1. Quick test for you: out of 256, 264, pick the one residue that is on the phi < 0 side of the Ramachandran plot, over 30 Å from the mean Cα position of the chain (by Cα) and surrounded by 11 or more Cβ atoms within 10 Å (Cβ to Cβ).
2. Those residues that are over 14 Å from the mean Cα position of the chain (by Cα), assigned to a loop (DSSP other than H, G, I, E, B) and modelled with pLDDT of 95 or more, I need them from the range 129-150; list them, please.
3. Residue check, residue 283 against (1) in a loop (DSSP other than H, G, I, E, B); (2) in contact (Cβ under 8 Å) with a residue 40 or more places away in the chain; (3) within 30 Å of residue 223 (Cβ to Cβ), all met but one. Which one?
4. From (1) touching a residue at least 24 places away in the same chain (Cβ under 8 Å); (2) touching a helix residue (DSSP H, G or I) at 6+ places or on another chain (Cβ under 9 Å), pick out the condition that doesn't hold for residue 83.
5. If we scan the range 154-168, do we find a residue that is touching a strand residue (DSSP E or B) at 6+ places or on another chain (Cβ under 7 Å) and assigned to a strand (DSSP E or B)?
6. Which residues, counting only those in the range 22-50, are modelled with pLDDT of 95 or more, out of contact with any helix residue (DSSP H, G or I) (no Cβ under 8 Å at 6 or more places or on another chain) and part of a helix (DSSP H, G or I)?
7. So, of the residues in the range 212-239 that are more than 18 Å from residue 252 (Cα to Cα), out of contact with any helix residue (DSSP H, G or I) (no Cβ under 7 Å at 6 or more places or on another chain) and surrounded by 12 or more Cβ atoms within 10 Å (Cβ to Cβ), which turns out to be modelled with the highest pLDDT?
8. When you check residue 326 against the structure, is it outside the structural domain of residue 147 (by TED's automatic domain parsing) and modelled with pLDDT under 90, yes or no?
């Protein structure tokens, strides 16, 4: 009988704690690892990383498994944070959680635990995380990411850019469970994190600051005009990075509420339109790039166009669309 080692990426939350508990219960050799991705000495707000690490240590002691901490501060800064800042400077609203999963959790962390993609010889070692997603495996060894059972907690959106080869030796113990089941298991096992509140924010921002205020430390603010479609200046913005297309512009001009239509990067202007239901805010098509397919290659029929479900934001209901390769 093979003795499988499962390295559990533990965040200090209930989901990863229960994941460690479940794989330990199945008889595997389990190790807990906490990833430190941000230097809290740079944080003037409130970051929970120190308490999270303590909670990981406590849970690992309860489960009688070893635990250690991996430091990815440099990698996170170079491959996630600086790219995020560059996107904001170019008028793009990025998603750091998506980048962190692709670059750190299923990139650098995987390489440190399993070795590089070209040197992953020890098939007895696997990775587990507390994400609410599932994997569909074929007899030929292919693997495809699919949604978690609990649609309200499904995190496949955040893992959507993780390449297939980086999911080959990963398991998601809570992917087939509902959140209430996970909490119930944690309470029954008397885990330290059973009643811990979920962390919904970004650690490097802290709880005492707004995200826009945090960004101002790293992105050069270039105030400019807020304009209507006909070029009328109706206000001033503090910097284009502070706005996302479709959001309310929060300016007072006339009886209407104004919403962001687009960013004019060249002229440093924010173009707005009145009303949240303005037809100009809606579109029937878009151009996407940087595709990553679940099966590592485009599905058949993409040249002529195929109908697929599309999700543009986290927890947004998936909509039917037609995708055509240009």
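The values are calculated or read from the model by the stated rules, or taken from the named source; none is laboratory data. Just so you know, these numbers come straight off a predicted model, no measurement behind them. So basically every Cβ, Gly included, is an ideal-geometry build from the backbone, and we count neighbours across all protein chains shown.
1. Numbers: 264 fails: over 30 Å from the mean Cα position of the chain (by Cα).
Answer to the check: 256.
2. Kept after step one, since they are over 14 Å from the mean Cα position of the chain (by Cα), are these residues of the range 129-150: 134-150.
Remaining after also requiring assigned to a loop (DSSP other than H, G, I, E, B): 138-142, 148-150.
148, 149, 150, listed by residue number.
3. (2)
4. Just one mismatch for residue 83, condition (1).
5. no
6. 23, 25
7. So, considering only residues that are more than 18 Å from residue 252 (Cα to Cα), out of contact with any helix residue (DSSP H, G or I) (no Cβ under 7 Å at 6 or more places or on another chain) and surrounded by 12 or more Cβ atoms within 10 Å (Cβ to Cβ), the one modelled with the highest pLDDT is 222.
8. On the way: outside the structural domain of residue 147 (by TED's automatic domain parsing): yes; modelled with pLDDT under 90: yes.
In short, yes.
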